[in-house]
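The values are calculated or read from the model by the stated rules, or taken from the named source; none is laboratory data. Quantities reported herein were computed from a predicted structural model and do not represent experimental measurements. Backbone-built Cβ (ideal geometry, glycine too); neighbour counts: all protein chains shown. When the accessible area is computed, the model is the full protein with side chains, heavy atoms only, and any ligands, DNA or RNA have been set aside. Shrake-Rupley method; radii C 1.70, N 1.55, O 1.52, S 1.80 Å.
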Amino acid sequence: MKRIVTVQRHLIETQHLNPDATGKLTAMLWDLTIAFKIISRAVNQAGLINMRGEEGQINTSGDSVKKLDRYAEDVIYNGMNHGGHVCCMASEEEPQLITIPDQYQKGKYVLTYDPLDGSSNIDANVSVGTIFSIHHRLSESGNGTLADALQPGNRLVAAGYVVYGSSTMMVYSTGNGVHGFTLDPSVGEFLLSHESFQIPRKGKIYSVNEGHSSGWDEPTRRYVEYLKTPEAGPYSGRYIGSMVADVHRTLLYGGIFMHPRDYRRDEHFGQGKLRLLYEAAPMAFLVEQAGGIATTGDERVLDIMPTDLHQRVPLVLGSPADIETYQKFMLEARA
Ligand code: AHM
Ligand code: MG
């Protein structure tokens, strides 16, 4: 029988790898796992308790908010606002910086999160996920500021995601590799199932919404066409449209996931769709920790200095050999 390791045991064991660790990050991640279990339960029961369907609001990024998004937002906010770990938070579902109520202690971390990514898939019972990232605060004390939240991915302390799929899995990194845990609902614990896993050096799957291809730049179009040729492949196309699930598969099986610029759509002109703080940077951190590459096509995602809480970026990530080929197409086009 394999060693049984809960996520909290793993956090305690790996905390020693960081000589400055005080146990605070471990305690914060532990609180987060409770929120994830509550969201997982709600996602599993969504059809039963009629939580599906539109709530009728529009969020900051212009998408309609589903009831479960709101519920997941509330669970993370209410799970994390009073533990003394964070000085502020930022969420894809909230337009402004989230402050901590006066009566609670302010901590040394900043939590940014997408409470329920892929919400357009909920009604079809397709996998959705939660993405989170943690930075040290920059300000000294008291309430956190916008500058605390607007930090690049290369300063991340930890990041991870939870995929609510055929089973619920949590994948996280504190900068010492990427580790995956599967929720055993019968015991209510995330148990270590994928220790220190690496992305394959090259994959056989490309994952992109080809419905947008007429809006892509020329090298991206040529690259995706190249993947379909006999000398490149054979590659298989797989696109769920739930980033957490698409990136999770890319990490495990290798290949490339892309959400490139779409010049056709006015509102996203030249920007891409995915949000830097809540989606692109945490996933880029995990992919790099697993030995992969994450780029916008022009620059390393982790080096982008955010200027806005809801900033969008193009995102191309995956196996190093696949991304290097993509980058060659981009470079050739510029030469
Ligand atoms: P959301 O945060 O509103 O759910 O949107 C993000 C989702 C990602 O999960 C996914 O990768 C992407 O949108 C799909 O976009 P598209 O419909 O352009 O393919
Ligand atoms: Mg999202």
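The table below gives the values:
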| read-out | value |
| --- | --- |
| Matching residues in region 126-143 - criterion: being away from ligand 1 (no atom under 15 Å from the Cβ) and farther than 13 Å from residue 89 by Cα | 138, 139, 140, 141, 142 |
| Residue satisfying all of: in region 280-330; of a type in the set (Ser, Thr, Tyr) and touching a residue at least 40 places away in the same chain (Cβ under 8 Å); farthest from residue 225 (Cα to Cα) among these | 307 |
| Candidates 110, 128 - the one that is touching a residue at least 24 places away in the same chain (Cβ under 8 Å) and closer than 17 Å to residue 43 by Cα | 128 |
| Some residue of region 103-118 being within 13 Å of ligand 2 (Cβ to nearest atom), small (Gly, Ala, Ser) and open to solvent by 10 Å² or more (accessible area, probe 1.4 Å) | yes |
| Among (1) at pLDDT 90 or above; (2) out of contact with any strand residue (DSSP E or B) (no Cβ under 8 Å at 6 or more places or on another chain), the one test that residue 77 misses | (2) |
| Scope region 227-238; condition of a type outside the set (D, E, K, R) and either surrounded by 18 or more Cβ atoms within 10 Å (Cβ to Cβ) or in contact with a helix residue (DSSP H, G or I) (Cβ under 7 Å, 6 or more places away or on another chain) (or both); matching residues | 227, 232, 233, 235 |
| Matching residues, region 70-90, being free of Cβ contacts under 8 Å to residues at least 60 places away in the same chain and in contact with a Lys or Arg (Cβ under 7 Å, 6 or more places away or on another chain) | none |
| Selection from region 90-129 of residues that are within 21 Å of residue 27 (Cβ to Cβ) and either among the aliphatic types (A, V, I, L, M) or part of a loop (DSSP other than H, G, I, E, B) (or both) | 90, 98, 100, 101, 103, 104, 105, 106, 107, 108, 110, 111 |
| Which listed residue, of 225, 231, is more than 14 Å from ligand 1 (Cβ to nearest atom) and not in a loop (DSSP other than H, G, I, E, B) | 225 |
| Those residues of region 130-145 which are of a type in the set (Gly, Ala, Ser), part of a loop (DSSP other than H, G, I, E, B) and in contact with a helix residue (DSSP H, G or I) (Cβ under 8 Å, 6 or more places away or on another chain), in sequence order | 139 |
| Residue 201 open to solvent by 60 Å² or more (accessible area, probe 1.4 Å) and not in a loop (DSSP other than H, G, I, E, B) | no |
| Selected residue (only one of 318, 241 is within 14 Å of ligand 1 (Cβ to nearest atom), of a type outside the set (Phe, Trp, Tyr) and open to solvent by 10 Å² or more (accessible area, probe 1.4 Å)) | 241 |
| Scope region 144-167; condition closer than 27 Å to residue 123 by Cα and either open to solvent by less than 10 Å² (accessible area, probe 1.4 Å) or of a type outside the set (S, T, N, Q) (or both); matching residues | 160, 161, 162, 163, 164, 165 |
